[in-house]
């Protein structure tokens with residue numbers, strides 16, 4: 001009877017230890033994944049903020065077009081698209097039409 005109780009206690013200890021180690025491993029992997037997700041979100045936010053800054057410069061017609069060119073090029077290199085690109089292209093077309101009419 002006593003030896004059975006010892007064997008059961010040893011088995012329970014081993015199972016508890018394995019469960020604890022597995023729980024710890026799961027927690028470490030979970031925290032690592034969470035940290036990676038947070039880093040990805042941080043990078044995405046930084047990218048979006050940069051694109052918004054560049055778009056603001058592209059739309060700012062008080063800045064001469066040739067000075068806005070580097071902002072546009074960086075915007076395109078970051079795979080920016082949409083309204084800022086269309087604005088830039090339409091602005092170029094308007095300038096060409098204006099120069100042809102003069």
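Data table
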{"read-out": "The range 76-91, subset over 12 Å from residue 59 (Cα atoms) and touching a residue at least 24 places away in the same chain (Cβ under 8 Å), residue surrounded by the fewest Cβ atoms within 10 Å (Cβ to Cβ)", "value": "78"}
{"read-out": "Residue list for the range 93-102, restricted to those being assigned to a helix (DSSP H, G or I) and either loosely packed, with under 11 Cβ neighbours inside 10 Å or under 34 Å from the mean Cα position of the chain (by Cα) (or both)", "value": "93, 94, 96, 97, 98, 99, 100, 101"}
{"read-out": "All positions within the range 58-92 that are modelled with pLDDT of 90 or more and over 31 Å from the mean Cα position of the chain (by Cα)", "value": "62, 64"}
{"read-out": "Residue match in the range 41-59 (condition: surrounded by 10 or more Cβ atoms within 10 Å (Cβ to Cβ) and not in a helix (DSSP H, G or I))", "value": "no"}
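The values are calculated or read from the model by the stated rules, or taken from the named source; none is laboratory data. Note that the coordinates shown come from a computational prediction; the quantities given were computed from them, not determined experimentally. Note: ideal-geometry Cβ built from the backbone for every residue, glycine included; neighbour counts use all protein chains shown.
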